[in-house]
1. Being farther than 30 Å from D261 by Cβ and assigned to a helix (DSSP H, G or I) is the filter here, so list the residues in the range 353-393 that pass it.
2. What about N49, is it surrounded by 13 or more Cβ atoms within 10 Å (Cβ to Cβ), at pLDDT 90 or above and not in a helix (DSSP H, G or I)?
3. Hand me the list of helices (runs of 4 or more DSSP H) wholly inside the range 76-184 holding 1 or more residues that are in contact with a Pro (Cβ under 7 Å, 6 or more places away or on another chain) and not charged (D, E, K, R).
4. Determine whether I294 is buried (at least 21 other Cβ atoms within 10 Å of the Cβ) and either in the same structural domain as V373 (by TED's automatic domain parsing) or under 21 Å from E60 (Cβ atoms) (or both).
5. I138 - would you say it is within 21 Å of Q419 (Cα to Cα), over 18 Å from the mean Cα position of the chain (by Cα), free of Cβ contacts under 8 Å to residues at least 60 places away in the same chain and buried (at least 18 other Cβ atoms within 10 Å of the Cβ)?
6. Criterion first (of a type outside the set (F, W, Y), in contact (Cβ under 8 Å) with a residue 12 or more places away in the chain and out of contact with any Lys or Arg (no Cβ under 6 Å at 6 or more places or on another chain)) does P260 satisfy it?
7. Could you list all residues from the range 352-375 that are among the small types (G, A, S) and touching a residue at least 60 places away in the same chain (Cβ under 8 Å)?
8. For the condition crowded, with 19+ Cβ neighbours inside 10 Å and at pLDDT below 95, what is the one hit in A380, A406, A425, A400?
Amino acid sequence: MSQFIYNQLLRLLLPLLLLRLKRKSKKQPEYGFRWDERLGKSDIKVEANGVLFHLASLGETIAATPIIEAFINNNPDTAVTITSTTPTGSEQIKQTFGNRVTHCYLPFDLPIIQRRFIDQIKPSLLVLMETELWPNLIRHAKRSGAQVMVINARLSERSAKGYKKFAPLTRLMMQNIDLVCAQFQADKLRFHQLGCHRHKIIKTGNIKFDTTCSSLQSEETLKLSQELQLNRPVWLAASTHKGEEEEILKAHESLLEQIPDALLILVPRHPDRFDQVYNLTRKTFTCSRRSKLIRNKKLRTNCEVLIGDSLGEMMTYIGLSDIVFVGGSLVERGGHNPFEAACQNKAIITGQHIFNFEQSYQILAEKSAVKMVNDATELAHHVTGLLCNDELRQALGRNAFECQLAFQGAQQKTLTYIQQQHSLAKLRKTTEIAKNYTMQKSLN
């Protein structure tokens with residue numbers, strides 16, 4: 001696919017993209033606001049020559065936060081702008097950084113929209129996260145003179161095959177990237193196969209291995225446990241997707257036959273599905289919603305399922321649990337980050353659809369630090385077995401924690417390369433100013 005065809009397709013799809021936002025806003029009203037930003041017409045004011053970070057979702061925002069915090073501390077005079085695509089990511093950015101950064105939604109990847117956006121921000125460095133590769137954003141950032149880099153870069157085999165179908169467009173995009181900080185050797189190879197020069201790709205590791213549980217989070221966990229009066233076996237199904245909850249609830253039904261006082265904390269990945277999952281659950285189980293317990297804090301003793309319909313509490317839910325099932329893996333969503341559970345010594349279970357975290361789960365599996373299941377029957381079997389065997393459960397959690405510790409260090413490496421690209425961008429700008437001054441002087 002050429003750049004021209006890509007642009008024409010996006011123009012045709014734009015009304016459908018706006019319609020999709022409209023539909024999403026019925027369940028999550030935040031999707032109905034700030035469309036001017038998505039169309040590149042926001043009135044934000046930013047100092048030129050700053051750094052633009054794009055963090056698509058809540059998960060990426062949480063993972064990148066320590067790096068951005070360190071960058072801001074090291075470069076207090078550099079303007080930082082962060083873009084996202086989801087309201088949950090947007091809210092997390094505001095809560096974490098406040099007025100220390102400028103935030104807006106990333107505009108749709110149409111040429112005129114991205115050109116207007118880049119002209120408004122005028123970044124000297126564009127930092128993309130994982131697989132957020134937008135051809136027009138990258139193209140116009142590069143044309144404006146910015147350095148372009150991808151951090152925590154990953155490409156599953158499935159994604160790489162998709163990009164290969166549009167080889168001309170992909171190759172052009174890769175040529176506009178100055179540096180790729182890849183998670184693993186396999187990611188490094190796939191970026192090269194898609195057209196990125198070898199010398200531009202460095203393996204830095206996965207920054208999610210550096211996830212930590214702060215003392216504040218531990219205090220929040222203890223506080224919530226006391227409020228809910230939890231003194232019973234608890235397992236968590238985290239970041240679940242459509243088609244997955246039915247299997248999880250079947251597993252919980254089987255579990256209750258063996259351990260009647262077991263509690264399932266069920267946390268859907270997307271807030272616009274909170275009501276849907278609650279209605280599905282209460283057909284079969286006695287259940288409560290976390291949002292309703294904020295005023296009436298005590299959890300009923302007969303509650304079998306707690307719906308985690310709150311934002312920013314995932315680490316707390318993990319802390320409350322004995323076992324963590326990581327969602328997006330019983331259906332073909334590619335899985336989610338297991339290291340929020342690993343850093344808290346939790347026994348981890350996942351489904352088989354983990355192509356977005358294939359290397360990470362392979363490392364955990366080699367260290368006997370994760371259980372993999374195919375369906376509700378296997379999930380119920382492992383949850384029951386682990387809840388009935390403290391020694392086995394604790395060993396699984398300990399292995400996950402030790403495995404994570406062994407592979408930490410990606411955050412510092414990534415920060416070093418961001419700083420390096422920032423310095424190169426500043427040097428380029430200084431050189432351009434000097435060159436323009438010399439030309440002006442010669443003309444006079």
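1. F355, N356, F357, E358, Q359, S360, Y361, Q362, I363, A365, E366, listed by residue number.
2. Yes, satisfied.
3. 87-97, 111-121, 135-143, 167-175
4. no
5. Judged against the criteria, I138 is a match.
6. no
7. Passing the criteria: only S360.
8. A425
The values are calculated or read from the model by the stated rules, or taken from the named source; none is laboratory data. Not measured: the values here are computed from a predicted model. Here the Cβ is made from the backbone with ideal geometry for all residues, glycine too, and neighbour counts use every protein chain on show.
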